[in-house]
Amino acid sequence: MADLKLGAFFFGGVEMSDAGAGPPDPMDRRFSNEECWKATLDYIDSAVVADELGFDSFWTTEHHFQYEGYEVIPNGLQISTWIAARTNQIRMGAMFNVVPQWNPLRLAEDFATLHNLSGGRGILGVGRGTVPREVLHLNDKGVSIGSLDNPDQKAADVLNREVFEESMEIVRRALANESFSFHGDHFDIPVPGIPDRGSTVQELTLVPRPLYPYEIWQAVTSPPTLDYVPVVGHGAVFWNQHYSFIKRFWDKYGETYEQSHGTTLAPSEKRMLVIAVRIEDSYEAAVESARPGHDEFWKFLGPYGWSRGYMGDDGKPAQPGLIPTLDESLENKTILLGTPEQVAEGVQFYRDLLGVENLTIFPHLLGDSYAKANEQMTRFKQEVVPLLS
């Protein structure tokens, strides 16, 4: 379909023979350096497959220290630069560069380098993070991220959000301006009083800056983020929420954007839906095929609060700590599975509900082989997309 921009998003994990809801506990696995590196190479090969299939975009992750093998790509920008050298047309982003884990100037420099080397194929995806053991070791401001394992969730969330928003203001200024400065509560750029050739430094200039237009996309899972993202003009990425919650957020984004910028967006503009998929020759085969990776996904991410966008029995967001079953995910429509016709019906549901044009599929359920993910991308592109209207 000419108006459907199709992406593929992989966590970049290690193949697991024991994925599922039961043992082992996520932290009991320990994959070798060699196994993690093989996953990295397979991941890059899948990006090449996505390019050959004609996908519009391929999305990486940024995660650290995960010896348990769920997400083994620590630098999506660096990996994407290598992917760019092996591909022809596909655009490359990250879901997401975890901004509080970066010096914002280095993030801006590295993105500009990827974007320019790829001929303008970079996409700047940004988020606030998931895992405290990562972010606490990669910043010097004591920034963490709230999770069920973190008793000081509110304070952690507030500090994370403050540092994130100041960082992104710095990134936007650095990418867009010949020279810039920023003075906030957490960053002072340039540091006052630096002597340089008989004067003091008053502004900085980012080298390089983008030579091509670029997009910034951000995860939107909470009302405060929904209030922020359209005001600063980032695109909004929606995932793992009940379809009615997504509809409400989707429309609210458009309303806030219009109020902030005086511009009415098209129903799908600057918004993206991410959806897990599993395509088999029968519904029953798809359920059997998807269940281990689905259940492993939630065993891993449920404790970090990722299921708060699911709907509870009272019609409100689910209680913290929900570990969804596959049936609950199907009810919430966070995964589409079955035959190509059934998956196309699910995609069409969202096309009718939201007017989706930016659609990114999650074809690599946790523990899957990369061959399986490549098969899923191929089947979606060749067997599902032609059925959409």
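Mind jotting down a quarter of the surface of the convex hull over the alpha carbons of the range 1-76, in square nanometres, one decimal?
6.1 nm²
Over what distance in Å are the Cα centres of the range 322-389 and the range 1-63 separated? Cα centroid to Cα centroid, the span is 16 Å. Ignoring any ligand, DNA or RNA, what whole percent of the accessible area of the chain comes from carbon and sulfur when the probe is 1.4 angstrom? In the chain, the share of accessible area belonging to carbon and sulfur is 51 percent.
Where is the GNM fluctuation largest for the chain (alpha-carbon springs, 10 angstrom cutoff): PRO363, PRO100, PRO74? So, out of PRO363, PRO100, PRO74, the one fluctuating most is PRO74. On a per residue basis, the chain carries 43 Å² of accessible surface, using protein heavy atoms and a 1.4 Å probe.
Each other residue within a Cβ distance under 9 Å of HIS63 adds +1 if Lys or Arg and -1 if Asp or Glu, for a net charge of -3.
In terms of solvent-accessible area of protein heavy atoms at a 1.4 angstrom probe, what is the ranking of ARG29, ARG173, highest value first?
Largest accessible area first, the list is ARG173, ARG29.
Compared with the dominant principal axis of the Cα atoms in the chain, helix 243-261 is inclined by about 30°.
Computed from the Cβ-Cβ distance with R0 of 56 Å, the FRET efficiency linking TRP82 to HIS183 stands at 0.95. The label point for TYR283 and the one for LEU353, both projected 7 Å from the Cα toward the Cβ, are 1.7 nm apart.
For the range 40-140, the Cα-based Rg and Dmax, in that order, read 13.4, 42 Å.
If you run the Gaussian network model on the chain, springs between alpha carbon atoms under 10 Å, then out of SER369, SER199, SER32 the most flexible one is SER199. Relative contact order of the chain: what whole-number percent is it, with Cα pairs under 8 angstrom and at least 6 residues apart? Value for the chain: 19 percent.
Extension gain, THR40 to ARG133: 0.36 nm times the residue separation minus the Cα-Cα distance gives 31.3 nm. What lysines does LYS299 reach when the alpha-carbon gap must be under 26 Å and sequence neighbours fewer than 8 apart in one chain are set aside? The qualifying lysines are LYS38, LYS154, LYS316, LYS333, LYS372.
With the helix formula -39500 (n - 2.57) applied to DSSP H stretches of n ≥ 4, the chain reaches a computed 222 nm mean residue ellipticity of -13000 deg cm²/dmol.
Counted over the chain, the DSSP beta bridges are approximately 15% antiparallel. Just to check, using Stokes-Einstein with a Kirkwood Rh over alpha carbon pairs, what's the diffusion coefficient of the range 196-248 at 20 °C and 1.002 mPa s in µm²/s? D = 148 µm²/s. Given their separation in residues at 0.36 nm each and the Cα-Cα distance between them, GLU331 and ILE194 gain 43.5 nm when the chain is fully extended.
Counting only Cβ charges, +1 for Lys and Arg and -1 for Asp and Glu, the dipole size of the range 258-304 around its Cα centre is about 280 debye. Size descriptors for the range 178-293: radius of gyration and Dmax over Cα atoms are 21.7, 74 Å. Computed from phi, the 3J(HN,Hα) profile of the range 74-81 under the Karplus parametrisation 6.51, -1.76, 1.60 (θ = phi - 60°) reads x, 9, x, 5, 5, 4, 5, 5 Hz, with x in place of Gly and Pro. Once you sort the root eigenvalues of the Cα gyration tensor of the range 113-240 as a ≥ b ≥ c, which label holds: rounded (a/c under 1.5), prolate (a/b larger than b/c) or oblate (the other case)? Judged from the Cα gyration tensor, the range 113-240 comes out oblate (a/c at least 1.5, b/c at or above a/b). Extending 7 Å from the Cα toward the beta-carbon at both THR264 and GLN382 defines two label points whose distance is 4.3 nm. Modelled spin labels at GLN89 and SER369, positioned 7 Å past Cα toward Cβ, are 3.0 nm from each other. On the principal axes of its alpha-carbon atoms, the range 250-389 has extents of 48, 39, 26 Å, going from largest to smallest.
According to the Cα-based calculation, Rg over Rh for the chain is 0.96, with Rh computed by the Kirkwood formula.
The values are calculated or read from the model by the stated rules, or taken from the named source; none is laboratory data. Since we're looking at a predicted model, the values are computed, not measured. Note: ideal-geometry Cβ built from the backbone for every residue, glycine included; neighbour counts use all protein chains shown. Ligands, DNA and RNA are stripped out before the accessible areas are found, and what is left, the full protein with its side chains, is counted by its heavy atoms. Shrake-Rupley method; radii C 1.70, N 1.55, O 1.52, S 1.80 Å.
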